[in-house]
Amino acid sequence: MRRVDVEGAWDFFWARSIDRKYLLVLSHDSHSAPPRRPPCLRGLDVKIVKQNNSDKRLLMFRLMDSAHRDIFHQFCSDIVASTCNAKTEKEAVDTALVRTWRWHYLLQTGKKGLLSLEQQKGLIGELLVLDYHLMPNLPALDAILSWQGPLNASKDFAIGRLCIEVKTRRGTASPHVLINSEHQLDSEGIDMLFLHVMELDNISPNIGNGFSLTDVARRVQSQIAEFGNETVEALEIRLAASGFRWEDDYSNSLWIAGKRHLYQVTDKFPRIVSWGLKSGVTNVNYSVALADCEPFRSTATNLAQALEKMRNG
């Protein structure tokens, strides 16, 4: 291995694996290792391995196809640069992984820069569910870890065998919501499933009284700041995996929130589910009319009681 920067604070190395694959390696003490698995990136193997006869761990990035050396070098340079301001080794490891989740988003979507209005709206909806329902009713770390949507899970939130799917819509739009797959409202294998629908409208900055995506993210971040690095890191990973960056300016894209609707998805709920499809039919998108969801209306109190019951087993 060859050290990336001989004057750098953290032990980054360029290396080659036994099978001659290109590597970036961050050597660190075991107590600095993250508690969760690294992201799975296209064309890149990311893992943490134990050094033989040592208390050291290696955060290892391995390029699977040498034809992509240029983008791999760009990725590695970004990872190393992102840790320059870290004050501790653990913070450096956490920062490197958060940055990796950002690349996970970029490699999946091919998009850089600000999130689109639709992406902002969806992310704000999920953050507000954290703010309104999960943070008041769960320990902070459990609330953040339950947020699985950015990590490619089929449901936006999973708390044990209780799941919440979040949808946002314009207040003036036709009264329906778009369901993006046959798995989103499939309750097989879980005990309770809630559908949370929120009205969010984009407004001109000149109108005032609106909030930005950054405002909502900062509000959630401020609520969990006192609960330790693990909780903050879990939030940062999910924001990065959603394509959000703190340095991006969303001040010209403001929103106002309208009505919120909560439904409990049961067997008779209007939906398409995977087990009801013919063999070979998949990736189904469909709309659900909110008027037909009224018999399944639930309340924040019902959700809070269900969360409490789930916490207590």
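The values are calculated or read from the model by the stated rules, or taken from the named source; none is laboratory data. Quantities reported herein were computed from a predicted structural model and do not represent experimental measurements. In this analysis, Cβ positions are derived from the backbone assuming ideal geometry, glycine residues included, and neighbour counts consider all displayed protein chains. When the accessible area is computed, the model is the full protein with side chains, heavy atoms only, and any ligands, DNA or RNA have been set aside. Shrake-Rupley method; radii C 1.70, N 1.55, O 1.52, S 1.80 Å.
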Fill in the blank from the handout: The lone condition Ala9 fails out of (1) closer than 15 Å to Ala92 by Cα; (2) in contact with a helix residue (DSSP H, G or I) (Cβ under 7 Å, 6 or more places away or on another chain); (3) open to solvent by 60 Å² or more (accessible area, probe 1.4 Å) is (2)
Problem - Looking only at region 178-209, and only at residues there that are touching a residue at least 40 places away in the same chain (Cβ under 8 Å) and over 25 Å from the mean Cα position of the chain (by Cα), the one that is surrounded by the most Cβ atoms within 10 Å (Cβ to Cβ) - result: Ile203
Practice task
May I ask you to list the residues in region 156-177 that are assigned to a loop (DSSP other than H, G, I, E, B) and either at pLDDT below 95 or open to solvent by 30 Å² or more (accessible area, probe 1.4 Å) (or both)?
Solution key: Gly160, Arg161, Arg170, Gly171, Thr172, Ala173, Ser174, Pro175
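Scanning for something touching a Phe, Trp or Tyr at 6+ places or on another chain (Cβ under 9 Å), in contact (Cβ under 8 Å) with a residue 40 or more places away in the chain and either within 26 Å of Ala143 (Cα to Cα) or open to solvent by less than 60 Å² (accessible area, probe 1.4 Å) (or both), does region 277-284 turn up at least one residue?
no
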Fill in the blank from the handout: The residue that is surrounded by the most Cβ atoms within 10 Å (Cβ to Cβ), considering only those in region 134-148 that are out of contact with any Asp or Glu (no Cβ under 7 Å at 6 or more places or on another chain), assigned to a helix (DSSP H, G or I) and not acidic (Asp, Glu), is Ala143
Practice task
Give me a count of the residues in region 210-232 that are among the aliphatic types (A, V, I, L, M) and either in contact with a strand residue (DSSP E or B) (Cβ under 6 Å, 6 or more places away or on another chain) or open to solvent by 30 Å² or more (accessible area, probe 1.4 Å) (or both).
Solution key: 2
Completion exercise
Pairs returned, first residue in region 289-313 that is within 23 Å of Leu130 (Cβ to Cβ), second residue that is among the small types (Gly, Ala, Ser) and loosely packed, with under 14 Cβ neighbours inside 10 Å, beta-carbon separation under 9 angstrom, 6 or more apart or interchain, are none
Exercise for the section: Filter region 5-40 for residues that are at pLDDT 95 or above and assigned to a loop (DSSP other than H, G, I, E, B) and give the result. Expected result: Trp10
Practice task
From (1) surrounded by fewer than 20 Cβ atoms within 10 Å (Cβ to Cβ); (2) out of contact with any strand residue (DSSP E or B) (no Cβ under 6 Å at 6 or more places or on another chain); (3) touching a residue at least 40 places away in the same chain (Cβ under 8 Å), pick out the condition that doesn't hold for Val80.
Solution key: (2)
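If a residue counts only when it is at pLDDT below 95 and more than 23 Å from the chain's Cα centre (by Cα), which helices (runs of 4 or more DSSP H) contained entirely in region 53-133 have at least 2 such residues?
Ranges flagged: 69-82.
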